[in-house]
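In what follows, a structure is listed as C-alpha cells, so that the remarks can point back to it.
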Amino acid sequence: MEDKRLDLTKNNQRVMVALDVPGREKAVALAKALQGSGCWLKVGLELYSYTGPALIQELKAMGFPIFLDLKLHDIPTTVERAIQGFVQCGVDMINVHCSGGYDMMARAAQAVREEGSKLDQLPKVIGVTVLTSMSEQQFREEMGVQRNLRDHVVALANCALKAGLDGVVASALEASVIRQTTNPEFLIVTPGIRPAWSEAQDQSRVLSPVEALAAGSSYLVVGRPITRAQDPRQALDRLWER
C-alpha cells in the first residue's frame, strides 16, 4: 500500500490541477482537499480576475507549486514588464502566447531570468501554441492558416525553443512530434486531459493521462474531472486508471 501511494505521488507531481473557479473560497477548499498529494495548482484568468496575486502567496504557503496561466500576448515591452511583476509573486511557471512572435517570447524569457536571479527563484516560462479547444476544421476555416494544425504547432514550438522559452503548452496529439524536434529538457505542458471515465466537454484534441505521458508530455493540466468531483483527491488518484 505504501509503495502504491509513493507511485501515485510521483505521478501526481506531473499533474497541474486547474482551479478554474470564481473566487478564493472555492479555490482554497479545492487546495485543502488536494494538499499533500504532490500535484501543482494552475491559476488561470478566471480565478486571477477575482483574487489577483494575493491568492498565489496563500497557495504557495500550502506547499503547492503554482502555474500562472494568463497566456500573455501583447507588444514585447508590455509582456516584459508584466512578467517582471509576476516573477515577484513567486510563481513557478508562467506562459505567453507563441503567436506573439519571436521577439516577445525572447523578451519574456530574458525578463524571467533577470528578475528571477535577483530574487533567487527562477520560474519556467512556456509558450501557448494552439488552444486544445480548437479543432483542425476550426483552425483552417476560422483562423485562415494554410498549413495544417500539427505543422503549425511544431513550428511555434521550435520558435519558442529558439527564443529561449523552457517549453510550450500543446495538445498530447502533437507532443510526440514536438519531442522529436526539440531537446529532452524542453517542457510540454498538455491541457485537455480526460481520463477514460470522464467526458471530453469543450475540449477537442484530447488523450488520457497515461496516453499523454507516453506521447511525451511533461505535465498534464486537468480541471473539471478533478475539481467537479465529489472527492477531488480520489479523482486525482484515479487519473491513472486505464
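Would you mind finding the one in GLY116, GLY100 that is small (Gly, Ala, Ser), closer than 30 Å to VAL28 by Cα and in contact (Cβ under 8 Å) with a residue 12 or more places away in the chain?
GLY116
Looking at the stretch 84-103, which of its residues are within 15 Å of PRO65 (Cα to Cα), among the hydrophobic types (A, V, I, L, M, F, W, C) and in a helix (DSSP H, G or I)?
Correct list: PHE86, VAL87.
Which residues, counting only those in the stretch 72-83, are in a helix (DSSP H, G or I), surrounded by fewer than 22 Cβ atoms within 10 Å (Cβ to Cβ) and under 19 Å from the mean Cα position of the chain (by Cα)?
If the condition is that a residue be in a helix (DSSP H, G or I), surrounded by fewer than 22 Cβ atoms within 10 Å (Cβ to Cβ) and under 19 Å from the mean Cα position of the chain (by Cα), then VAL79, ALA82 are the ones that fit.
Run down LEU156, LEU165, LEU161 and say which single residue is over 23 Å from GLY44 (Cβ atoms), in contact with a strand residue (DSSP E or B) (Cβ under 9 Å, 6 or more places away or on another chain) and either aliphatic (A, V, I, L, M) or at pLDDT below 90 (or both). Step through it out loud before you land on a result.
Working: LEU156 fails: over 23 Å from GLY44 (Cβ atoms); LEU165 fails: over 23 Å from GLY44 (Cβ atoms).
Selected residue: LEU161, the only one of LEU156, LEU165, LEU161 that is over 23 Å from GLY44 (Cβ atoms), in contact with a strand residue (DSSP E or B) (Cβ under 9 Å, 6 or more places away or on another chain) and either aliphatic (A, V, I, L, M) or at pLDDT below 90 (or both).
Which residues, counting only those in the stretch 148-189, are buried (at least 19 other Cβ atoms within 10 Å of the Cβ) and among the β-branched types (Val, Ile, Thr)?
Matches in the stretch 148-189: VAL153, VAL154, VAL168, VAL169, ILE178, THR182, ILE188, VAL189.
Looking at GLN35, GLN57, which one is within 29 Å of ASP7 (Cα to Cα) and at pLDDT below 95?
That would be GLN57, the only listed residue that is within 29 Å of ASP7 (Cα to Cα) and at pLDDT below 95.
Here's the yes/no breakdown for (1) over 20 Å from LEU220 (Cβ atoms); (2) of a type in the set (Asp, Glu); (3) touching a helix residue (DSSP H, G or I) at 6+ places or on another chain (Cβ under 9 Å):
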| residue | (1), (2), (3) |
| --- | --- |
| ILE75 | yes, no, yes |
| ARG81 | yes, no, yes |
| CYS89 | yes, no, yes |
| ALA111 | yes, no, yes |
| GLU114 | yes, yes, yes |
| ASP120 | yes, yes, no |
| GLN146 | yes, no, yes |
| HIS152 | yes, no, yes |
| SER171 | no, no, yes |
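The values are calculated or read from the model by the stated rules, or taken from the named source; none is laboratory data. Bear in mind the structure is a predicted one, so any value in this text is a computation, not a measurement. Neighbour counts run over all protein chains shown; Cβ positions are idealised from the backbone, glycine included.
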